[in-house]
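Quick notes on the structure that follows.
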Number of protein chains: 2
Amino acid sequence: MSVQSTLDNRKTIRKFSDKVVSDELLYSLLESAGRTSTCGNMQLYSVVITRKPEILKQLAPAHFSQPACTNAPVLVTFCADYNRFNKWCRLNNAEPGYDNVESLLSAAVDTVALAQSFSLLAEENGLGICYLGTTTYNPRPIADALHLPSMVVPLVTLSLGYPAEQPALVDRLDVKSWVHSETYSDYSDADIHKYYDYKDQLPENQEFIKINKKQTLAQIFTDIRYTKKDGDFFSEAFVSFLREQGFLH
Amino acid sequence: MSVQSTLDNRKTIRKFSDKVVSDELLYSLLESAGRTSTCGNMQLYSVVITRKPEILKQLAPAHFSQPACTNAPVLVTFCADYNRFNKWCRLNNAEPGYDNVESLLSAAVDTVALAQSFSLLAEENGLGICYLGTTTYNPRPIADALHLPSMVVPLVTLSLGYPAEQPALVDRLDVKSWVHSETYSDYSDADIHKYYDYKDQLPENQEFIKINKKQTLAQIFTDIRYTKKDGDFFSEAFVSFLREQGFLH
């Protein structure tokens, strides 16, 4: 399949069949994903493939035991990694100075780009994937379950397997709403209405609003799914974790 | 082309021909890239396509006027964006609470994944791209040049155009060096030697070490290309920028 048709037809998959995903396939896809651009060719990442039920069970609560996680035969965790690079530096008479936020950021860009290349390769090969956004909420228990040393930070977890569902394509905003020409054009109220009003009208969102006893779809985001209280709490946990892993002082 | 052959054959391009990259092509590729997974279908990003010479000239110093930037006919800047989403919330009787690091992180994952999908689409369509790692070094002047409002943070800049060079495939670490089975296996000195020693021996790196009067390739990274002094300096600048944009208090 082309990149374009892989993207145009992709759907997040949360139910997986029993068909085994071979290590051979995963390593081969990761090898190709490794051609993704990487800052200074440093490849500041590590990937952990987890299948053992006892380790998956340890990881599940960190991902709030969401079905997209607990139903999956494999979890693949993408981590920004200076542990390996720093060891190489020290073995080569060089003193690394990467214990700062900027270094982590540049490794993070590499890591997420790698994860996205891998996702598209997986989808091209008939696998289904789901990004677990919970990885940055609970980095500490994930690091413990996966034995991540200092200078390693988990950023993306993909649950994957062969699909056991075929969901419909979800809606997306008009590309013109998020692409700007030359410089950023800020949004008027009329712009926001023009680009977003359809969302509240979608039957699935109408249902969602009704079940949750809310007035608008936006309230489901702010009051239920992504609240300020949770955001502030997980921010503090993430910042503490960066301190523990050696990226903040 | 398939995703796999696009990745297997890709090379970063830093010299571009005069052939015009149409807006029609870029919008169409961005529309397909917009199918990339996004947290809660919130699409917390904006993309700015810049071609006007006077704006490119303003952006260039923020990217240290590297040739990969100044030679390119187009720069595409990918930003994490809560400005648009927050406006939508407020117009819908919902109070957003996304002024924190965790919210930015989850938008950042979406933004980088989008940029990588777009990169592969661009490469499939004969364009060449270069990730400018300087975006997170100098977010303030980039935000000024592109008029980015509060709650918007630039994370990835791609310079792009039709290639005017055909560089060789660069080396990558053995996939086994960065993929771990079940949990993270830490590296012994012998592992690091096994996986990295070839790098110092590559003719281009031997040359690089000689020109820079260093003993090892690692010293070129730690003493010249990515120093502690720069990392600490740009970290402070980035953290100040997050405060200015409303993600830190």
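Annotations
- Residue within the stretch B:99-108 that is within 13 Å of the chain's Cα centre (by Cα) and either at the interface with another protein chain (Cβ under 7 Å from one of its Cβ atoms) or at pLDDT 95 or above (or both) present: yes
- Subset of the stretch A:50-91 that is without any contact (Cβ under 8 Å) to a residue 24 or more places away in the chain, part of a helix (DSSP H, G or I) and at the interface with chain B (Cβ under 9 Å from one of its Cβ atoms) - its residue that is farthest from A:Leu104 (Cα to Cα): A:Leu91
- Positions within the stretch B:10-49 being among the polar types (S, T, N, Q), touching a residue at least 24 places away in the same chain (Cβ under 8 Å) and in a helix (DSSP H, G or I), in sequence order: B:Ser32
- Residues (within 7 Å of another protein chain (Cβ to nearest Cβ) and under 19 Å from the mean Cα position of the chain (by Cα)) located in the stretch A:228-239: A:Gly231, A:Phe234, A:Ser235, A:Phe238, A:Val239
- Once the stretch A:92-119 is narrowed to residues that are touching a residue at least 24 places away in the same chain (Cβ under 8 Å) and charged (D, E, K, R), the residue that is most open to solvent (accessible area, probe 1.4 Å) is A:Asp99.
- As a summary of the residue check, B:Phe221 satisfies the conditions (1) more than 30 Å from A:Leu59 (Cβ to Cβ); (2) open to solvent by 30 Å² or more (accessible area, probe 1.4 Å) except for the one numbered (2).
- With respect to the conditions (1) surrounded by 14 or more Cβ atoms within 10 Å (Cβ to Cβ); (2) in a helix (DSSP H, G or I); (3) without any contact (Cβ under 8 Å) to a residue 60 or more places away in the chain, A:Arg243 lacks only one, and its number is (1).
- Of the residues A:Pro149, A:Pro139, A:Pro154, A:Pro167, the single one that is more than 14 Å from A:Cys79 (Cα to Cα) and at pLDDT 95 or above is A:Pro167.
- Taking helices (runs of 4 or more DSSP H) as the structural unit, those lying wholly within the stretch B:131-218 and holding at least 1 residues that are open to solvent by less than 40 Å² (accessible area, probe 1.4 Å) and more than 9 Å from every other protein chain (Cβ to nearest Cβ) correspond to B:139-146, B:203-211.
- The set of residues in the stretch B:146-199 being without any contact (Cβ under 8 Å) to a residue 12 or more places away in the chain, in contact with a Phe, Trp or Tyr (Cβ under 8 Å, 6 or more places away or on another chain) and of a type in the set (Gly, Ala, Ser) is empty.
- Test result for A:Glu165, in contact with a Lys or Arg (Cβ under 6 Å, 6 or more places away or on another chain) and farther than 30 Å from A:Leu248 by Cβ: yes
- Considering only residues in the stretch A:158-200 that are in contact with a strand residue (DSSP E or B) (Cβ under 8 Å, 6 or more places away or on another chain) and among the small types (Gly, Ala, Ser), the one that is nearest to B:Phe118 (Cα to Cα) turns out to be A:Ser181.
- Positions within the stretch A:5-41 being open to solvent by less than 60 Å² (accessible area, probe 1.4 Å), at the interface with another protein chain (Cβ under 7 Å from one of its Cβ atoms) and either at pLDDT below 95 or more than 15 Å from A:Ile129 (Cβ to Cβ) (or both), in sequence order: A:Asp8, A:Tyr27, A:Ser32, A:Gly34, A:Arg35, A:Thr36, A:Ser37, A:Cys39, A:Gly40, A:Asn41
- Taken together, A:Phe64, A:Phe78 contain a single residue that is closer than 30 Å to A:Ala164 by Cα, open to solvent by 10 Å² or more (accessible area, probe 1.4 Å) and hydrophobic (A, V, I, L, M, F, W, C), which is A:Phe64.
- The stretch A:109-130 - residue that is assigned to a loop (DSSP other than H, G, I, E, B) and more than 9 Å from chain B (Cβ to nearest Cβ) and, of those, nearest to A:Lys229 (Cα to Cα): A:Leu127
- Flag if A:Ala237 is touching a helix residue (DSSP H, G or I) at 6+ places or on another chain (Cβ under 8 Å) and either in a helix (DSSP H, G or I) or surrounded by fewer than 18 Cβ atoms within 10 Å (Cβ to Cβ) (or both): yes
The values are calculated or read from the model by the stated rules, or taken from the named source; none is laboratory data. What you see is a predicted model, and the numbers here were worked out from it, not measured in a lab. Please note: Cβ atoms are built from the backbone with ideal geometry, for glycine as well, and neighbour counts cover all protein chains shown. The protein model used for the area step is the full one, side chains on, heavy atoms only, and it has no ligands, DNA or RNA in it. Shrake-Rupley method; radii C 1.70, N 1.55, O 1.52, S 1.80 Å.
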